[in-house]
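Enquirer: This is the structure I have questions about; it appears just below.
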Amino acid sequence: MRRWLIRRIIKASGLHSGYRIPWNWKLGASLYGKESFKKTYREEAFKFILREAHQNSKFYRDHLERYNFKSIKTPEDLGDFFTYPEQLESYPEDFICQKPDIYFETSGSSGKPKRVGFTYEDFLLLAFSTAQGFEKMGMEKNDLYLNAYSYGIWVPGLIIQNALGMLGVPAIPVGHQKPEVIFEKILTYKPSIVGILPSSLIIITKLAKEYNGELPKISWFLTGAQHIPAKTKEWIKSIWNADVINGYGATEFGGTFAVECEEGKGYHFNDLMFWVEIVDPDQRGYGELAVTTLTFKCMPLIRYRIGDITRFVHDSCNCSLGTEKIDYILGRKDDMFKAAGNNLYPGYFSKAVVEGVFLGVEIDTREGVDCIKIRVTEGSKIDLKKLDTFILDTIEKDEIIVETKFESLDSRIRRKIPKLIDLRPR
């Protein structure tokens, strides 16, 4: 990497902390707004990661041997080369460039869990990036954060815990307990911010609705791993008088990869840590998300196609985060299904869910007609008017049957739930 660039990064201001954090934790803290710096940094970081991966990772050494690196400046220059989850799942050790200091696992929603390793510097950089995001979202030292994410082999719990330490914000490490336990701790400790899975948030909101006492003043809930519709967020806010902010992420990228825009215009992501591409976009710009990690030293990923369908969002916003954006996830590439001659994603039906969590769709046939069951948590409601409008705008109503299927959730449920269950005969 160019010396002048390193000197500018080292001089950049950042959070003051007793943590031992590598120089690149300061990447762009004061220089981010300068487009010339961002462009140069991203290209230099990509070329550095490309060389490191080719030299130290067996997987990338084998797959990138055919390229002349002098002509490669951006991920797009690699042409038809991509990395796929199945490769990481089958050969995790072949991706390692430096000895891991800590391992995490994916939930296994698309197969068996994938093991992902990080160096201590990788881990601290993720924590610092999270701390920066929290600070921009308004978190202060007098806040109290109740962390109801798992502290096991899943990444968010520990990353958030370390981020709070960098900010000097006290934490209540409840972990992934039963919703009744989480609700009890909220009443006891009265946190101002809560990190929690949507399925648990729905249940504690129902408990709050029935509670006769005064509820604590919570500023916002941070949710992730499961989709929570806009109507449900409005219902939660009506009970708690608190905002609900969705996070989007993957363990392969170190947990929360992007955070919802304050104005509801998609997800902001850290475009200095991740180089994002949309592969094979359609006329509306939707395509498969591909991500290159620009800072990880242990297991860098180059053009990793995670399978989620989204697009870039170029609408301006006054959000405090201020980074580049992708749209809400339309669905997974392998979740697209045909019904009544139309290509559909489960995400289309999530917009009709009210006061509940959208789990996905189950599709079968009934007397030769496709029958779609919208899978939601028990107690959810469906906005039939919105659903009818969608069906009429998309397909003929008499060509499809749509029903609601309620499912109960408990503390044993997987973090990520398959969005599509297709029971039609092959």
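The values are calculated or read from the model by the stated rules, or taken from the named source; none is laboratory data. Not measured: the values here are computed from a predicted model. Cβ coordinates were reconstructed from backbone atoms using ideal geometry, including for glycine residues, and neighbour counts include every protein chain displayed. We work out accessible area using only protein heavy atoms, side chains counted, and drop any ligands, DNA or RNA first. Shrake-Rupley method; radii C 1.70, N 1.55, O 1.52, S 1.80 Å.
Enquirer: Would you confirm whether any residue within segment 378-400 is modelled with pLDDT of 80 or more, within 26 Å of the chain's Cα centre (by Cα) and among the small types (Gly, Ala, Ser)?
Expert: Yes; the residues of segment 378-400 include at least one that is modelled with pLDDT of 80 or more, within 26 Å of the chain's Cα centre (by Cα) and among the small types (Gly, Ala, Ser).
Enquirer: Another question, then. Evaluate the following for Gly368: is it surrounded by 13 or more Cβ atoms within 10 Å (Cβ to Cβ), modelled with pLDDT under 85 and either under 23 Å from Pro418 (Cα atoms) or of a type in the set (Gly, Ala, Ser) (or both)?
Expert: No: the conditions fail for Gly368.
Enquirer: Related question: Check whether at least one residue in segment 315-324 is polar (S, T, N, Q), touching a residue at least 40 places away in the same chain (Cβ under 8 Å) and closer than 17 Å to Gly254 by Cβ, and report yes or no.
Expert: Yes, the conditions are met somewhere in segment 315-324.
Enquirer: Could you list, in sequence order, the residues of segment 276-293 that are open to solvent by 10 Å² or more (accessible area, probe 1.4 Å), over 15 Å from the mean Cα position of the chain (by Cα) and modelled with pLDDT of 85 or more?
Expert: Glu277, Ile278, Val279, Asp280, Pro281, Gly285, Tyr286
Enquirer: Need a quick list: helices (runs of 4 or more DSSP H) entirely within segment 1-100 having at least 3 residues that are open to solvent by 50 Å² or more (accessible area, probe 1.4 Å) and at pLDDT 90 or above. Quick ask: steps written out before the conclusion?
Expert: Values: elements: 3-11, 35-56, 58-63, 85-90.
Passing ranges, in order: 35-56, 58-63.
Enquirer: Across segment 216-235, which residue is modelled with the lowest pLDDT among those that are part of a helix (DSSP H, G or I) and under 18 Å from the mean Cα position of the chain (by Cα)?
Expert: Pass one, segment 216-235, residues part of a helix (DSSP H, G or I): 230-235.
Keeping just the survivors that are under 18 Å from the mean Cα position of the chain (by Cα) gives 230, 233.
On the way: Ala230: 76, Lys233: 86.
So the residue we want is Ala230.
Enquirer: Quick one: in segment 320-355, of everything that is open to solvent by less than 40 Å² (accessible area, probe 1.4 Å) and at positive phi, which residue is modelled with the highest pLDDT?
Expert: Across segment 320-355, the extreme among qualifying residues is Glu355.
Enquirer: Sticking with this structure for a sec: What is the number of the single condition among (1) open to solvent by less than 60 Å² (accessible area, probe 1.4 Å); (2) assigned to a loop (DSSP other than H, G, I, E, B); (3) closer than 26 Å to Asp271 by Cβ that Ser150 does not meet?
Expert: Against the list (1) open to solvent by less than 60 Å² (accessible area, probe 1.4 Å); (2) assigned to a loop (DSSP other than H, G, I, E, B); (3) closer than 26 Å to Asp271 by Cβ, Ser150 comes up short only on (3).
Enquirer: A follow-up question, please. Taking Thr83, is it touching a helix residue (DSSP H, G or I) at 6+ places or on another chain (Cβ under 7 Å), within 30 Å of Glu260 (Cα to Cα) and polar (S, T, N, Q)? Explain how you work it out, then say what you get.
Expert: Values: touching a helix residue (DSSP H, G or I) at 6+ places or on another chain (Cβ under 7 Å): no; within 30 Å of Glu260 (Cα to Cα): yes; polar (S, T, N, Q): yes.
Answer is no for this residue.
Enquirer: Can you pull out every residue in segment 188-198 that is in contact (Cβ under 8 Å) with a residue 40 or more places away in the chain and open to solvent by 10 Å² or more (accessible area, probe 1.4 Å)?
Expert: Tyr189, Lys190, Ser192
Enquirer: Next question. Please give the number of the condition Gly266 fails out of (1) over 22 Å from Ala127 (Cα atoms); (2) open to solvent by 20 Å² or more (accessible area, probe 1.4 Å).
Expert: With (1) over 22 Å from Ala127 (Cα atoms); (2) open to solvent by 20 Å² or more (accessible area, probe 1.4 Å) applied to Gly266, the lone miss is (2).
Enquirer: Looking at (1) outside any strand (DSSP E or B); (2) of a type in the set (S, T, N, Q); (3) under 23 Å from Cys317 (Cα atoms), can you tell me which one Asn246 breaks?
Expert: (1)
Enquirer: Considering Phe82, Phe95, which residue is closer than 14 Å to Met299 by Cβ and either among the aromatic types (Phe, Trp, Tyr) or free of Cβ contacts under 8 Å to residues at least 24 places away in the same chain (or both)?
Expert: Criteria check complete, one pass: Phe95.
Enquirer: Which count do you get for residues in segment 305-317 that are open to solvent by 30 Å² or more (accessible area, probe 1.4 Å) and either over 20 Å from Leu272 (Cα atoms) or touching a strand residue (DSSP E or B) at 6+ places or on another chain (Cβ under 7 Å) (or both)? Give the derivation first.
Expert: Here is the first cut: in segment 305-317, the residues open to solvent by 30 Å² or more (accessible area, probe 1.4 Å) are 311-312, 314-317.
Filter again for either over 20 Å from Leu272 (Cα atoms) or touching a strand residue (DSSP E or B) at 6+ places or on another chain (Cβ under 7 Å) (or both), leaving 311-312.
Total satisfying the criteria: 2.
Enquirer: Could you please give the count of residues in segment 401-423 that are open to solvent by 50 Å² or more (accessible area, probe 1.4 Å), charged (D, E, K, R) and at pLDDT 75 or above?
Expert: Qualifying residue count for the region: 3.
Enquirer: Test each condition in (1) within 14 Å of Phe296 (Cβ to Cβ); (2) at pLDDT 90 or above; (3) of a type outside the set (D, E, K, R) for Leu125 and report the one that comes out false.
Expert: (2)
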